[in-house]
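Working notes, structure below.
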Amino acid sequence: NITCRIIVYFPYERSITSRTENIGCGGLRVMLKEDLHISSIVGLEIFLDSGKIIKCKGKVVWKLEVKGHSSKDEPLYDFGIEFLSIKDSDKEGINKLVYSLLQS
């Protein structure tokens, strides 16, 4: 479970800042108050602890609506986003982060 600050750019010119629930070289998991459709393509900016910023595209591959998470009954959505158009060097940066955290 690795968390990173993230900005998700929605297909219709909006963005939201959140934190990943976890991340790996193939994609990430994030919880948002905004609903996205499966197969939506989003822009991503991922801020790694090393100071590196990864910019890529992602595709929503799964989602779950989380009910009862707050007393306000506002919906919260849990998304799996697969990386698209990500540089090999950026994948390597994520791999290094995961490896270093597993070693500690």
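Worth pointing out:
- Residue-wise HN-Hα couplings along segment 29-45, as the Karplus relation 6.51 cos²θ - 1.76 cosθ + 1.60 with θ = phi - 60° gives them from phi, are 10, 9, 10, 9, 7, 7, 9, 10, 8, 4, 6, 4, 9, 10, x, 10, 10 Hz; Gly and Pro carry x.
- Relative contact order [Cα under 8 Å, 6+ residues apart], the chain, whole percent: 26 percent
- For Leu76, distant residues with modelled amide H under 5 Å away: Val66
- Loop-located trypsin sites (Lys or Arg not before Pro) in segment 6-45, at most 14 other Cβ atoms within 10 Å (DSSP): Arg14, Lys33
- Taking a straight line from the alpha carbon of Lys33, these aspartates and glutamates sit under 17 Å away, with near neighbours fewer than eight places off in the same chain left out: Glu13, Glu21, Glu65, Asp73, Glu74, Asp78.
- Top of Leu28, Leu64, Leu48 by mean-square fluctuation, Gaussian network on the chain, Cα under 10 Å: Leu64
- If a spin label sat at a point 7 angstrom from the Cα of Leu76 along the line to its beta carbon, the backbone N atoms of segment 18-55 nearer than 11 Å would be those of 31-33.
- Rounded to 10°, Cα long-axis angle of helix 88-103 versus longest principal axis of the chain: 90 degrees
- The chain, accessible area per residue, ligands and nucleic acids excluded (1.4 Å, Å²): 61 Å²
- Taking a straight line from the alpha carbon of Lys59, these aspartates and glutamates sit under 12 Å away, with near neighbours fewer than eight places off in the same chain left out: Glu82.
- With contributions of -39500 (n - 2.57) from each DSSP H run of at least four residues, the per-residue ellipticity at 222 nm computed over the chain stands at -5000 deg cm²/dmol.
The values are calculated or read from the model by the stated rules, or taken from the named source; none is laboratory data. Bear in mind the structure is a predicted one, so any value in this text is a computation, not a measurement. All Cβ positions, glycine included, derive from the backbone under ideal geometry; neighbour counts span all protein chains shown. Only protein heavy atoms, including side chains, enter the accessible area calculation; ligands, DNA and RNA are left aside. Shrake-Rupley method; radii C 1.70, N 1.55, O 1.52, S 1.80 Å.
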